[in-house]
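Trainee: Encoded as structure tokens, here's the structure I'll be asking about.
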Amino acid sequence: MTEFLQFTLGGVSFGMVYAAIALSLVLIWRGTRILNYSQGAMAVLTTYIALTVINHTGSYWEGFVVALAAGLVLGAVIERTVIRPVENKPPLNAVVVTIGLLVLIEGIAGIIYGGQYRSFPTAFSVTGLHARSVPLGISRNDVFVASAVLVVALALAALFRFTSVGLRLRASAFNPYAARLLGVRVGRVLTLGWALAGLIGALAGLLVSPDTFLYPSSMDSIFVLGFTAAVIGGLDSPVGAIVGGLILGVVLNYVGGYLGSNLVSIFGLVALMAVLLIRPSGLFSVTHERRV
Amino acid sequence: MPSSAEAGAERGGGTSSAGAGAGRGRAQSGGGREARGRDKQSAGAGQTERGGGTSRAAALEVEHLESGYAGVMALRDVSISAKPGTITAVLGANGAGKTTLLATISGFVRPRQGRVTLDGTDLTRRAPEEIVRAGIAHVPEGQAVITELTVEENLRVGGLWRHGQAGRAAALEDAYKRFPVLAAARNRSASTLSGGERQILVIARALMASPKVLLLDEPSLGLAPRIVAQVMDLIQRLRDESGLTVVLVEQNARSALAIADLGVVLNVGRVVVIEEAAVLGADEALRKHYLGF
């Protein structure tokens, strides 16, 4: 029973990182119908930037904030420069461009920072927490990881729901034609969507790198799991992305805990294939009736 | 005019309101027609005065427009001027270029040649979102309701760029006052609205930005005759009460001419007739030849 509790709580912490990647993919997918294969690579770059700042200043939090800001800027710049020309083109163009970006960014990171594994600091202690004397299987830092993603997700939900910027984002995502007709500058809104996705991806990179170490392709496997989470959630639904991330994190932790940790990455891919085969629109997709 | 006309008749079930709706429908094809004709006469007279050239410029001026899609020229040398506070009906068969004309004015199709000006400001080749901001609101065919949003959110999108926080709230209140049917449905998903309600929603949404010119593409498409009468009545009231300049593209030439000041007939991308609506409606030969009624 204790074991089950530990696996579950640990899974929630991992799951929230997948959820963050999934959320960034969903944001971009909703706005532009593009799957951003370079999301993980972008997060690697911003995490390297964080590491540089941390080494320089000795402050984790300065590195944290700089990385988030860098993610915001990186997302916006990428949308403006290389994505804008392939929007409204055949989907394969965007696939090629974002895979190209993935290779390019990881290459640049390798040139600047080298290929060796670097350790990345955590924000809080990684000593296991106990409830009375029962070990919970999670640390103070795991709690931080889960709450950081939760806070960002809630802030995002509030932005979408209650602000006029959020209304612009939703209108442009659902019906860009109608939005332009009504004077919404859809181009700027798309840039904002990519910027927000860059920020959330950067957050995921910061949160997961203490576990994975940091090297140019360190986010690749995390990206695949984040993508799986997004597909479980239906790619269109921010709530689905969070739930998909949590389900995946917890299940993978059970697999690792009960069946052996070498099965985890295989199981992640099996889960992705299973979802794509059985329910490609995701568990949470709502098929919108579109009448004209 | 009862401001809640469309609300009442939309409900349909209420006996008195349904009766009123039907009454209006009959009036349009029957006795009311003469009265309208007389209205038109005076409006037409006013127009020739203005049209005299020096007194008052057109709100929307389309000059020698050539436009089309992917190598196919859909408009050739089209010139139309819409006077302030008038309804211009653009008529013609399928493929005559009516929809292309509106899409070119509102910036979704780039013209090969020609100019579009609003109150003397050249808007040719500006982006659609900038043209709306300049004061031309386009309500496309197929309505473009954002079905994933609520009725209120649809309206709010329409007013986003124009007003400050207080102005937006006021515009929303105005819309609800003018269209009680929308007020009743404000928190419902726009996907639950009927065809007529959707048409009212997109018109109300376009008005949220207080445009000078309203471009309407086939507002009667797919609506029951009773609802068509209400929508036409609404368009007429927008001109009479708010002084809006309307360009109305219609297949339903009879309904459009009944409320319009000026009739323009397009045929295979060219303007073949520009005539006062009353005259065009009364000219049997023209009507039969181009409009099929």
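Trainee: Quick one: if the Förster radius is 25 Å, what FRET efficiency do residue B:285 and residue B:94 give, using the C-beta to C-beta distance and rounding to 0.05? Don't skip to the end; give the middle numbers.
Mentor: Numbers: r = 22 Å, r/R0 = 0.87.
Approximately 0.70, to the nearest 0.05.
Trainee: Go through region A:94-106 residue by residue and turn each phi into a ³J(HN,Hα) via Karplus (6.51, -1.76, 1.60, θ = phi - 60°); whole Hz please, and just put x for glycine and proline.
Mentor: These are the phi-based 3J(HN,Hα) values: 5, 4, 4, 5, 6, 5, x, 4, 4, 5, 4, 5, 5 Hz.
Trainee: Can you list the residues, at least 5 places off or on another chain, whose amide H is less than 5 Å from the amide H of residue B:188, using H built in the peptide plane?
Mentor: B:151, B:152
Trainee: Checking the a/c ratio against 1.5 first, then a/b against b/c, what shape does the Cα gyration tensor give for region B:178-293?
Mentor: On the way: a/c = 2.37, a/b = 1.87, b/c = 1.27.
Prolate, because a/c is 1.5 or more and a/b exceeds b/c.
Trainee: Continuing with this model, one more query. I need the chymotrypsin sites (Phe, Trp or Tyr not before Pro) found in region A:76-160, filtered to DSSP loop residues with at most 11 other beta carbons within 10 Å of theirs.
Mentor: On the way: sites: A:113, A:117, A:124, A:144, A:160; in loops: A:117, A:124.
Sites meeting the loop and neighbour criteria: A:117.
Trainee: Using only alpha carbon pairs under 8 Å that are at least six residues apart, calculate the relative contact order of region A:109-213 and give it in whole percent. List each step's numbers first, then the result.
Mentor: Working: 70 pairs, mean separation 26.2, N = 105.
Over region A:109-213, the number comes to 25 percent.
Trainee: Collect residues whose amide H, placed 1.01 Å from N in the peptide plane, falls under 5 Å from the amide H of residue B:59; neighbours closer than 5 in sequence don't count.
Mentor: B:82, B:83
Trainee: Could you list A:236, B:174 so that the one with the fewest beta carbons within 10 Å of its beta carbon is first and the one with the most is last?
Mentor: On the way: A:236 19, B:174 15.
In increasing order of surrounding Cβ atoms, one gets B:174, A:236.
Trainee: Within region B:168-194, whose backbone N sits under 17 Å from a point 7 Å along Cα→Cβ of residue A:239?
Mentor: B:188-190
Trainee: Let me ask something else. Under 19 Å Cα to Cα from residue A:89, which lysines show up? Leave out anything in the same chain fewer than 8 places away.
Mentor: none
Trainee: Here is a further query. In terms of modelled amide H atoms, which long-range or inter-chain residues lie less than 5 Å from the amide H of residue B:113?
Mentor: Under 5 Å from the amide H of residue B:113: B:66.
Trainee: Here's another thing I want to ask about it. If the chain between residue A:69 and residue A:164 were fully stretched, how many nm would it gain, using 0.36 nm times the residue separation less the Cα-Cα distance?
Mentor: Here the segment from residue A:69 to residue A:164 would lengthen by 32.0 nm.
Trainee: Next question, about the same structure. For the protein assembly as shown, with only Lys/Arg (+1) and Asp/Glu (-1) charged at the beta-carbon, what is the dipole magnitude about the Cα centre, in debye rounded to 20? Walk me through the numbers on the way to the answer.
Mentor: Working: 52 positive and 41 negative charges, 142 e Å.
For the protein assembly as shown, the charge dipole is close to 680 debye.
Trainee: Determine ³J(HN,Hα), in whole Hz, for all residues of region B:101-118 in sequence, where each value follows from phi through the Karplus function 6.51 cos²θ - 1.76 cosθ + 1.60 and θ = phi - 60°; x replaces Gly and Pro.
Mentor: 4, 5, 5, 6, 4, 8, x, 7, 10, 8, x, 6, 8, x, 9, 10, 10, 10
Trainee: What dipole magnitude, in Debye to the nearest 20, does chain A give about its Cα centre under +1 on Lys/Arg Cβ and -1 on Asp/Glu Cβ?
Mentor: Values: 17 positive and 10 negative charges, 215 e Å.
Around 1040 debye, computed over chain A.
Trainee: Let me ask something else. Label residue B:77 and residue A:132 with points 7 Å out from Cα along Cα→Cβ: what is the distance between them in nm?
Mentor: 9.5 nm
Trainee: In units of 2.2 N^0.38 Å, what is the alpha-carbon radius of gyration of the protein assembly as shown?
Mentor: Working: Rg = 29.5 Å, N = 585, 2.2 N^0.38 = 24.8 Å.
Taking N as the residue count of the protein assembly as shown, the ratio is 1.19.
Trainee: Hey, another quick one. For the protein assembly as shown, give the share of DSSP beta bridges that are antiparallel, in percent and rounded to the nearest 5; count only bridges with both residues there.
Mentor: Working: 25 of 42 bridges.
DSSP beta bridges in the protein assembly as shown are roughly 60 percent antiparallel.
Trainee: Moving to a separate point now. Out of B:245, B:114, B:102, whose Cα points farthest toward the positive end of the dipole of the protein assembly as shown (charges: +1 Lys, Arg; -1 Asp, Glu; placed on Cβ)?
Mentor: B:245
Trainee: Here's another thing I want to ask about it. Once you place label points 7 Å from the Cα toward the Cβ at residue A:281 and residue A:52, how far apart are they in nm?
Mentor: It works out to 4.6 nm between the two label points.
Trainee: Okay, moving on. Measure nothing but the geometry: give the 0 to 90° angle between the long axis through the Cα atoms of A:238-254 and the longest principal axis through the Cα atoms of chain A, rounded to 10°.
Mentor: For A:238-254 against chain A, the angle is about 30 degrees.
Trainee: Given R₀ = 60 Å, what would the calculated FRET efficiency be for residue B:115 paired with residue A:119, taking r from the Cβ atoms and rounding to 0.05? Could you put the intermediate results ahead of the total?
Mentor: Details: r = 65 Å, r/R0 = 1.09.
The formula returns an efficiency of 0.40 here.
Trainee: Still on this structure, please answer the following. Cα axis of helix A:220-233 to longest principal axis of chain A: angle in degrees, 0 to 90, nearest 10?
Mentor: 60 degrees
Trainee: Rounded to two decimals, what ratio of Rg to Rh does region A:36-171 give with C-alpha atoms and a Kirkwood Rh? Walk me through the numbers on the way to the answer.
Mentor: Details: Rg = 18.6 Å, Rh = 17.7 Å.
Looking at region A:36-171, the ratio lands at 1.05.
Trainee: Treating the beta-carbon of each Lys and Arg as +1 and of each Asp and Glu as -1, no other charges, what is the dipole magnitude of region A:58-197 about its Cα centre, to the nearest 20 debye? Mind showing how you got there, number by number?
Mentor: Working: 12 positive and 5 negative charges, 101 e Å.
I would put it at about 480 debye.
Trainee: Helix A:140-162: angle to the longest alpha-carbon principal axis of chain A, degrees 0 to 90, nearest 10?
Mentor: 20 degrees
Trainee: Among A:94, A:265, B:285, whose Cα sits farthest toward the positive end of the charge dipole of the protein assembly as shown (+1 at Cβ of Lys/Arg, -1 at Cβ of Asp/Glu, about the Cα centre)?
Mentor: B:285
Trainee: Rank B:232, A:162, B:145 by how far each Cα sits towards the positive end of the charge dipole of the protein assembly as shown (+1 on Lys, Arg Cβ; -1 on Asp, Glu Cβ) and give me just the farthest.
Mentor: B:232
Readers should treat all values here as calculations from the given coordinates under stated rules, not as data from a laboratory. It should be emphasised that the depicted structure is a prediction, and the values quoted were computed from it without experimental measurement. Backbone-built Cβ (ideal geometry, glycine too); neighbour counts: all protein chains shown.
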